[in-house]
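What follows is a set of notes on a single structure, which appears directly below.
The values are calculated or read from the model by the stated rules, or taken from the named source; none is laboratory data. Computed from a prediction, not measured in an experiment: that's the story for all the values here. Methodologically, a virtual Cβ is constructed for each residue, glycine included, from the backbone with ideal geometry; neighbour enumeration extends over all protein chains shown. To get the accessible areas, we keep the full protein, side chains included, count just its heavy atoms, and leave off ligands, DNA and RNA. Shrake-Rupley method; radii C 1.70, N 1.55, O 1.52, S 1.80 Å.
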Amino acid sequence: MSGDASVIEGPLHGYHHETYVFPLPGEAGQDRPGRWKCREPREGLLWFDRRCFASEERLLAALGGEIPGVPEIVAVGDLRLMRFVEGRTLGSLHPSGTQVPELLGHQIAGLFGRLARVDPWGLTVERRCQEEDRPADGDTDGFLERLVHFTEHQVYRANLDGFGELFGELGLEEEAFTYLRKQVSGLARRPFRLLHADLHRENLIVDPHGVLWVIDWELAMVGDPLYDLATHLHLMRYPAPQARDMAERWSAVVEAERPGATRGWRHDLERLLAYKRAQSVFTDVIRTALSLPPAPAPVTGAARKLVAVLTEAAGPLGLTPPDARTVAEALRRWRG
């Protein structure tokens with residue numbers, strides 16, 4: 001498709017995909033300047049998040065430019081290619097935990113407004129999620145319960161054979177999910193909207209003109225719009241004043257686009273953040289264990305990381321976090 005193998009860049013680094021980037025020459029690239037990317041999922045990966053739409057490319061094509069900053073899709077033969085956004089990730093410019101400049105923060109808030117404007121029921125895109133994972137519009141408790149169910153069954157239970165003993169030594173038992181459900185239930189009803197569901201610094205690209213682009217829509221879903229804000233705040237790690245400011249901006253722009261979509265948000269945001277903290281524990285334990293260096297390399301850094309994650313989720317899961325020495329010993333036993 002590129003017409004010249006020397007112009008192909010890749011495979012690019014990415015956890016879920018093998019990606020190649022190239023220009024489209026001749027007729028294929030007529031009126032399509034710039035570079036485009038094609039990608040395939042990597043084999044043997046662990047997925048820790050529920051996916052709703054059958055195809056990211058088809059979802060973006062269906063959006064048809066309704067949301068600025070979404071990469072364009074072009075069909076070439078039987079393939080759908082996505083425009084490669086030239087620029088740098090927000091995380092490379094402003095790392096996790098640091099303040100995001102006002103110009104970019106304004107664009108992020110605007111993105112939430114654009115998402116709220118989209119009619120999710122008008123998107124004619126095939127969905128892969130089961131019927132039970134599609135609660136009735138406004139059933140925010142049902143929406144969150146299905147996310148908790150996914151974490152319990154597809155992350156925790158599905159990995160007990162390989163990680164059950166490690167989970168147990170860290171205090172992560174089945175009863176934690178019963179406790180979590182009590183902590184997060186009782187949400188206000190809000191009309192469902194389209195969610196990106198993975199808005200973090202590495203999925204936000206700043207182009208050379210300072211324009212913000214949003215990539216990696218694979219985890220997009222239809223559901224409680226407040227969940228998108230909670231996920232964003234959890235992953236972005238804004239300084240506390242900016243986190244509060246972004247929450248207020250979210251409320252203003254989303255309510256303006258879809259009245260009622262922010263109902264009860266001040267009360268419910270902490271519950272959704274509690275779920276995100278709890279969800280992170282199980283994924284972080286597995287990923288940390290899999291990334292351990294061979295023995296006899298020390299595991300102290302990994303242990304400190306897990307202590308921080310376990311401490312943050314102690315409230316939602318009803319845990320007494322173990323100390324770093326206990327976690328390190330558990331990791332060494334798991335590594336064998």
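Based on protein heavy atoms only, the chain ends up with 47 Å² per residue of surface accessible to a 1.4 Å probe. Remark: spin-label model distance Ala75-Ala243 equals 4.5 nm, labels positioned 7 Å along the Cα→Cβ axis. The alpha carbon gyration tensor of the range 21-144 gives principal lengths a ≥ b ≥ c with a/c of 1.5 or higher and a/b no greater than b/c, which makes the shape oblate. Sorted on the mean count of surrounding Cβ atoms within 10 Å across their residues, most packed first, peptides 193-205, 215-227, 288-300 read 215-227, 193-205, 288-300. To put it simply, the accessible area of the chain at a 1.4 Å probe is 51 percent carbon and sulfur. One decimal place: the segment Ser96-Gln130 gains 8.8 nm when fully extended, by the rule 0.36 nm per residue minus the C-alpha distance.
Excluding same-chain neighbours fewer than eight residues apart, the lysines reachable from Lys276 by a Cα-Cα span under 16 Å are Lys182. Of the three principal axes defined by the Cα atoms of the chain, the extents in descending order read 62, 52, 40 Å.
Seen against the Cα atoms of the chain and their longest principal axis, helix 175-184 is set at about 60 degrees.
Site pair Glu165 and Arg335 shows an inter-label distance of 1.6 nm when each label is modelled 7 Å from Cα along Cα→Cβ. Counting only protein chain heavy atoms and rolling a 1.4 Å probe, the accessible areas of Trp213, Trp36 rank, largest first, as Trp213, Trp36. Which FRET efficiency value, to the nearest 0.05, do you get for Thr326 and Arg58 by plugging their Cβ-Cβ distance into 1/(1 + (r/R0)^6) with R0 = 35 Å? For R0 = 35 Å, the calculated efficiency reads 0.15. Counted by Cβ distance under 13 Å from Trp121, the other residues give a net charge of +2, where Lys and Arg count +1 and Asp and Glu count -1.
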